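Taken together, the values in this text are just the output of simple stated rules run on the coordinates, not laboratory data. Because the structure is predicted, anything quoted here is derived from the model rather than measured. Every residue, glycine among them, receives a Cβ derived from its backbone with ideal geometry; neighbour counts consider all protein chains shown.
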Amino acid sequence: MARDPWLRLPMEAEMLLPSVGQPGHGRTACLRRQPARIVDGRMEGGYTGAFELVCGQCGDHPYLDYSEIPLRLQQIRGPYTLEEGLAAYANHLGLGD
């Protein structure tokens, strides 16, 4: 996964990034419907009714299942209702109050 463009950042950006889980991320953060499961990097079984926040700058990766990421990333990822997810996304990008 080291060559995955999801994780590539310009050298200057790395120096300016906030700490993991802190507001101000954005280049790779996304809010998406939570897949039922991910196997070999592919979503299987449809989607749940929940949403999740995935941020590559925090160390998360969209091809990993929720159960495959560390607890600190699970806490960032969610799951959320749509309203909670939009608020978490805005906060994560540093757009919240």
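Loop-located chymotrypsin sites (Phe, Trp or Tyr not before Pro) in the stretch 47-97 (DSSP state not H, G, I, E or B) with no more than 16 neighbouring Cβ atoms inside 10 Å: TYR63.
Relative contact order, whole percent, for the stretch 26-92 stands at 34, derived from Cα pairs under 8 Å and 6 or more residues apart.
As a proxy for reagent exposure, ranking ASP65, ASP60, ASP40 by other Cβ atoms within 10 Å from fewest up yields ASP40, ASP65, ASP60.
For labels at ASP65 and ALA90 in the simple 7 Å Cα→Cβ model, what's the distance in nm? For ASP65 paired with ALA90, the spin-label model returns 3.4 nm.
Taking Lys and Arg as +1 and Asp and Glu as -1, the other residues whose beta-carbon sits under 10 Å from that of ILE69 total -1.
May I ask you to compute the full-extension gain from GLU83 to ARG37, defined as 0.36 nm times their residue separation minus their alpha-carbon distance, rounded to one decimal in nm? Gain in length upon complete extension: 14.3 nm.
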